[in-house]
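Asks: Provided herewith is a single structure, encoded as structure tokens, for subsequent inquiry.
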């Protein structure tokens, strides 16, 4: 279309995890909805995040298990990884997911998918003006779901060596001989293990005192030891002074102090994200953004401009696919008289190393801070994965389970688990927290044997005051 403006009920800008479901739901209610996407439908999760990385992680895990096969009495000979074939599998799954989302939107009457860069351009009466090239829409409501992108830290010489990001690394067809990763948080650690298992030498450089710095220190140390056991060099608490290319295929990272320089054949930067709000014309409708470009929202995810909502990473209320999905549920419910909010949303995530790290609610560090600040009391219990029968049987004994309970209410305060199935298992506690159930309910429940979760009654029977 082009020419005169078209009046619609809603324009959704960006197609991260929140928008396809939100747009199609609004359309099924009889609304006219325009969905604008300048890149691939599906946002980071489908295209450069969860879907491709977990698919590639599976290839890496298969290679790892094949190398361990003799531990289980299976002899397979030399293990050779075809990275190009693994990446082809990644692309096939990504394209299938992406086309499914596109079909969902375009196949829903009332929803229109438009390709291009959207920009707000003030108002026309009580409606927002949205432009995409020469096309113009007047919308009663606007939803932003534009996500974030990788940013390069201000390290001298870094931009000159054309470093990889979480996006460009997925275009590789060979594993780098030596991958140097700047950033020891979740993205960096996942890729570190994946590419080590695909055949790269890997070095991780983290400026914080510990990798996975938001976790308890003992968990960070366990992660570092686990990665070191696989041959990954982990350096935390370092300061990077500069990066330079020595030869066509060799880059050097110079560290402060007496630390020797690190040389590699490729650099992956996993040290921060920036919101995709530049160029959206938010100023034309008087919208507030913070110093980093994120869009502040209230508990119902409304921006400072009535009639515009921000969902997903861009609103800084949770940088995960699952929080973006819940954002759409909150907004949709409130449009029909509901009263859902993001207030009090419980910390919930997983890091997909192998084994994974699962986390819901508080960790021990946060509980101790609450004790000092508010006088709260907690009970805590830990259980080593090496003492879990199922983990022994599977040959997956790395990790630990730590459970926290509020001493007064007897309700769960949190769980951190590093170990086999952690991403799934922690949701047992998450469900109890959502229900407001006493820990005694789970302690007294009948579990299935042999499972990891069958140890929860045992663990909860050993709760003791946190000091």
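Asks: Say we look at region 442-467 and pick out the residues that are in a helix (DSSP H, G or I) and touching a helix residue (DSSP H, G or I) at 6+ places or on another chain (Cβ under 7 Å); which of these is nearest to residue 364 (Cα to Cα)?
Replies: 460
Asks: Right, here's the next one. Whether any residue in region 209-227 is farther than 30 Å from residue 419 by Cβ and in contact with a strand residue (DSSP E or B) (Cβ under 8 Å, 6 or more places away or on another chain) is what I want to check.
Replies: no
Asks: From 395, 419, 436, 414, which residue is surrounded by fewer than 21 Cβ atoms within 10 Å (Cβ to Cβ), touching a helix residue (DSSP H, G or I) at 6+ places or on another chain (Cβ under 8 Å) and at pLDDT 95 or above?
Replies: 395
Asks: Please find, among 163, 176, 156, the residue that is surrounded by fewer than 13 Cβ atoms within 10 Å (Cβ to Cβ) and in contact (Cβ under 8 Å) with a residue 40 or more places away in the chain.
Replies: Only one candidate qualifies: 156.
Asks: Now for a different question. Given the structure, is residue 106 in contact with a strand residue (DSSP E or B) (Cβ under 8 Å, 6 or more places away or on another chain) and either loosely packed, with under 12 Cβ neighbours inside 10 Å or free of Cβ contacts under 8 Å to residues at least 40 places away in the same chain (or both)?
Replies: yes
Asks: Name the pairs whose Cβ atoms lie under 6 Å apart, with the first residue in region 373-402 and at positive phi and touching a residue at least 24 places away in the same chain (Cβ under 8 Å), the second buried (at least 18 other Cβ atoms within 10 Å of the Cβ) and assigned to a helix (DSSP H, G or I), and 6 or more positions between them or separate chains?
Replies: 399/385
Asks: Cβ-Cβ below 6 Å, separation at least six or inter-chain, first residue in region 14-27 and touching a residue at least 40 places away in the same chain (Cβ under 8 Å), second crowded, with 24+ Cβ neighbours inside 10 Å and in a loop (DSSP other than H, G, I, E, B): which pairs?
Replies: That search, which allows pairs on different chains as well, returns 14/145; 14/146; 15/41; 16/145; 16/147; 18/145; 18/311; 19/145.
Asks: Something else now. Any chance region 281-291 includes a residue that's touching a helix residue (DSSP H, G or I) at 6+ places or on another chain (Cβ under 9 Å) and either more than 30 Å from residue 195 (Cβ to Cβ) or surrounded by 19 or more Cβ atoms within 10 Å (Cβ to Cβ) (or both)?
Replies: The answer is yes; a qualifying residue exists.
Asks: Can you name the number of the only condition in (1) surrounded by 20 or more Cβ atoms within 10 Å (Cβ to Cβ); (2) touching a helix residue (DSSP H, G or I) at 6+ places or on another chain (Cβ under 8 Å) that residue 188 fails?
Replies: (2)
Table: residues versus (1) in contact with a strand residue (DSSP E or B) (Cβ under 7 Å, 6 or more places away or on another chain); (2) over 21 Å from residue 26 (Cα atoms); (3) surrounded by fewer than 19 Cβ atoms within 10 Å (Cβ to Cβ); (4) modelled with pLDDT of 95 or more.
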position	(1), (2), (3), (4)
88	no, yes, yes, yes
92	no, yes, yes, yes
113	yes, no, no, yes
118	yes, no, no, yes
124	yes, yes, yes, yes
130	yes, no, no, yes
138	yes, no, yes, yes
143	yes, no, no, yes
146	yes, no, no, yes
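Asks: Among 266, 236, 256, 270, which is loosely packed, with under 15 Cβ neighbours inside 10 Å, touching a strand residue (DSSP E or B) at 6+ places or on another chain (Cβ under 7 Å) and touching a residue at least 12 places away in the same chain (Cβ under 8 Å)?
Replies: Testing whether each residue is loosely packed, with under 15 Cβ neighbours inside 10 Å, touching a strand residue (DSSP E or B) at 6+ places or on another chain (Cβ under 7 Å) and touching a residue at least 12 places away in the same chain (Cβ under 8 Å) leaves just 256.
The values are calculated or read from the model by the stated rules, or taken from the named source; none is laboratory data. Computed from a predicted model, the values in this text were never measured in an experiment. All Cβ positions, even for glycine, are placed from backbone atoms using ideal geometry, and neighbour counts span all protein chains on display.
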